[in-house]
Amino acid sequence: MNPIPEPAAGVQHTSHVLGVLALELRADATTALRPALGQQAAGELAVCVARDLAELAPASRSLDLVLAAAHFDPAEALRAGWPLHRRLHELRERAPRGDGSPRIIAFGADATGAIPQPLRDDPELRGGLLRVLPFVLAGEAAIAREVAATLEDVLLDRGMAGAATALAAQDGFGAAIEHARHFTIHDLAAMTAMQYRHQGLEPLWPIIETALLAPDARAELGAAPDPLVRYADGVAHIPMFAPAAWRARHTPRGDGDPAKIERIHRMFEARQRQFAAVLRAHGIEVVFDFVSDAAANG
């Protein structure tokens, strides 16, 4: 899959491999973590990443490596259209081309320590123990396809970052890192799906996967007792049932205990809010649609 648009006719045909350097932080390290590296440290880390990838896929030496030396929540890397990687692609297009040799390009904080807008993370998604640094490998299409196939085969099992890479990341960001690994974007998606399954969020993954891989398609979930979610045209619609319609769908038959019904309703609303928060983290617009008793029974 190549989600970034190809150049216009007459321009050398290129392709892209999308990946991340994933940093698993120690539990007490999230508050100390610097948001981005300075330019020199960013360049040093990019060289380390390029070396790691070349050991696993030697042909990657023939591709440009573009690294964001700023960290994000994994959900920010798993959004429709791959916006973080698209930004790197756009920045690569503006970078000096030199003599045409493969380039290692890193973007971090500027000389004043300010972080350019394309590299700013979502402040509402900070605090997690897993942070990711997006990278793009780009160049001649046949080479990129070869590298993509190789990395898809090996990174999940052998993608542990080298000691120099882990140390450069730890020193640069100023926080203790338990593990540093390289993932393709597909590896990251598979790992996130597994984590959601362990967190009881497995029902949401088909919606997220549809938004990532087929954003114009439709998807729906709604096996009781979970909330209904309908995805279409890039928007997740969550019905808000009127009281009688909600009770008919979500409370046990014949159970008229008001306290129990109220407790189930509070749990249901919390689940709706949880679903909405996860979908929004993945950049999916959420709309709550009121459904009257008459509409629900119609």
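Near Thr165: Cβ cut-off under 13 Å, other residues only, Lys/Arg at +1 and Asp/Glu at -1. The net charge is -2. Note on the chain: GNM, Cα springs under 10 Å; of Gly200, Gly43, Gly108, the largest mean-square fluctuation is that of Gly200. Treating r as the C-beta distance of Ala176 and Leu125 and R0 as 25 Å, the FRET efficiency rounds to 0.75.
Pairs of alpha carbons in the stretch 187-231 separated by more than 17 Å make up 34% of all such pairs. What would the Debye equation give as log₁₀ I(q)/I(0) for the chain at q = 0.09, 0.10, 0.12, 0.16 Å⁻¹, counting only Cα atoms as equal point scatterers? Taken in order of the listed q values, log10 I(q)/I(0) reads -0.52, -0.62, -0.82, -1.24. Packing-based ranking of 68-75, 97-104 yields 68-75, 97-104, ordered from highest to lowest mean Cβ neighbour count within 10 Å.
Spin-label pair Ile104-Val291: with each label point 7 Å from Cα along the Cα-Cβ axis, the two points sit 5.5 nm from one another.
P(r) tail for the stretch 49-142: Cα pairs beyond 18 Å make up 50% of the total. Other residues within the sphere of radius under 11 Å centred on the Cβ of Tyr231, judged by their own Cβ, net out at -3 (K and R +1, D and E -1). Taking the protein heavy atoms of the stretch 86-171 in the context of the full set of protein chains, the accessible area attributed to carbon and sulfur is 53 percent at 1.4 Å.
Using only side-chain charges placed at the Cβ, +1 for Lys and Arg and -1 for Asp and Glu, the dipole size of the chain relative to its Cα centre rounds to 420 debye.
Suppose every K and R has +1 on its Cβ and every D and E has -1 on its Cβ; what is the size of the dipole of the stretch 68-142 about the Cα centre, in Debye to the nearest 20?
80 debye
Between Ile264, Ile105, Ile284, the GNM of the chain built on Cα springs shorter than 10 angstrom shows Ile264 fluctuating the most. Its alpha carbons give the stretch 172-298 an Rg and a Dmax of 17.9, 61 Å.
Can you compute the FRET efficiency between Arg263 and Arg145 using 1/(1 + (r/R0)^6), with r the Cβ-Cβ distance and R0 = 51 Å? Round to the nearest 0.05. Before the final figure, lay out each step's value.
On the way: r = 55 Å, r/R0 = 1.07.
It comes out at approximately 0.40.
The values are calculated or read from the model by the stated rules, or taken from the named source; none is laboratory data. Quick caveat: nothing in here was measured; it's all calculated off a predicted structure. Counting neighbours? That spans all protein chains shown, and the Cβs are built from the backbone with ideal geometry, glycine included. These accessible areas exclude ligands, DNA and RNA; they are computed on the full protein's heavy atoms, side chains included. Shrake-Rupley method; radii C 1.70, N 1.55, O 1.52, S 1.80 Å.
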